[in-house]
Amino acid sequence: MTTIPVSATISRAYGFLLGEVGTIVRLTWAPLLLGAGLSYFYGAPTVDGAGKIEPNPALFLISLVMFVTGTMAMVALLRVVVFGDRMPGLYVYLKLGAAEARLILVTVLLVIGFIAAMFAATLVVTLVGAMAAAVPVVGIVLLVAVVAGVFGGLIWALVRLSLTWPAIVAENNLGVERSLALTKGNVLPLFLVLLATYGVCTLVTWIAFVVILGADYPALPSLPAISDAQAKSPEAVKLIAETFQKALEKWQVDLTRAIGAHWFAVSLLTLISNFVSTVLWAGATGTIYAGLAEERQVPAAE
């Protein structure tokens, strides 16, 4: 079994971002800018006079367009990484072909499966939470274990499915089974690669987001203190939970106001973040796929 070279793969992912910047911009500016433009002009969050976040009917359509255009950019970059296909002479790339359609279909199905799994996990956590209110000592320990298990299972599933996209682009299939086969025995190295590339990009984006909002960034709501006597009272625990929920809702409204006040800068940050994260994801997963698929491909004679 071949082990993913963590350091070398991370280096290649960032090397792809820096070394192929001309090709990357040429192939991704049109789809990514189209999605970002729609979001900027029609997706700004607003708060009404009653202090509630106003629903945006166009948000679903905007999100759908950004998903499709992001898929176009991802497929173009994966073709560069896996096949070396830089499509010279092409300066406006807006292609929606078979690979893009398969990637969209599989992503939608995976999201549906993820939502179903999270719904089931929420039911389990709710039941364990009720136990925590009745038997605090045992219940809280069990609740922490369940939450950790759900979070760990989510990370494991994302890592095992992370090569689905390059497999879809490179092969005429839906990629899920191929990704599970290629990532077998390589979960930890692959997790480290994605953490050092996509995870770092996400962290830097969040820091930049907080810096942009500056003093307008609202203070996070604090969890109300629970005494030993209150912990044994289901009514008190429920009241504290409701108080925290209201504080969280107010924080969300304040955050929405802050985002609206800095909408241009936030939109520009989103465009840059989408560009960098798409490139790093394609560079990391495409490089890993190309190495593992070549070495694990079953010979035609068999």
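For the range 10-29, what are the residues that are over 16 Å from Arg79 (Cα atoms) and buried (at least 18 other Cβ atoms within 10 Å of the Cβ)? Residue satisfying the conditions is Ile10 alone. Within the range 31-60, the set of residues being among the hydrophobic types (A, V, I, L, M, F, W, C) and more than 22 Å from the chain's Cα centre (by Cα) comprises Phe41, Val47, Ala50, Ile53. When Ala133, Ala101, Ala145 are checked against the criterion of being assigned to a helix (DSSP H, G or I), of a type in the set (Gly, Ala, Ser) and modelled with pLDDT of 90 or more, Ala101 stands alone in meeting it. The set of residues from the range 165-201 being basic (Lys, Arg) and closer than 23 Å to Thr71 by Cβ comprises just one member, Arg178. Of all residues assigned to the range 205-219, at least one qualifies as being modelled with pLDDT under 90 and not β-branched (Val, Ile, Thr).
Please name all residue pairs, on different chains or six or more residues apart, with Cβ atoms under 9 Å, provided the first residue is in the range 204-222 and is at positive phi and the second residue is part of a helix (DSSP H, G or I) and at pLDDT 90 or above. That search, which allows pairs on different chains as well, returns Gly214/Ala258.
Identify all residues within the range 86-103 that are surrounded by fewer than 18 Cβ atoms within 10 Å (Cβ to Cβ) and within 20 Å of Asn173 (Cα to Cα); write none if there are none.
Lys95, Leu96, Gly97, Ala98, Ala101
Listed here are the residues, each with its yes/no results for (1) at pLDDT below 95; (2) out of contact with any helix residue (DSSP H, G or I) (no Cβ under 8 Å at 6 or more places or on another chain); (3) closer than 17 Å to Thr270 by Cβ.
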site	(1), (2), (3)
Ser39	yes, no, yes
Ala44	yes, no, yes
Asp48	yes, yes, no
Leu59	yes, yes, yes
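Of the residues making up the range 30-46, just one is assigned to a loop (DSSP other than H, G, I, E, B), surrounded by fewer than 17 Cβ atoms within 10 Å (Cβ to Cβ) and out of contact with any strand residue (DSSP E or B) (no Cβ under 9 Å at 6 or more places or on another chain), namely Ala44. Here Leu109 meets each of (1) out of contact with any Pro (no Cβ under 7 Å at 6 or more places or on another chain); (2) exposed (fewer than 14 other Cβ atoms within 10 Å of the Cβ); (3) not hydroxyl-bearing (Ser, Thr, Tyr); (4) not in a helix (DSSP H, G or I) with one exception, condition (4).
The values are calculated or read from the model by the stated rules, or taken from the named source; none is laboratory data. As the structure is a computational prediction, the values presented were derived from the model and not from experiment. Every residue, glycine as well, gets a Cβ built from its backbone with ideal geometry; the counts of neighbours run over all protein chains shown.
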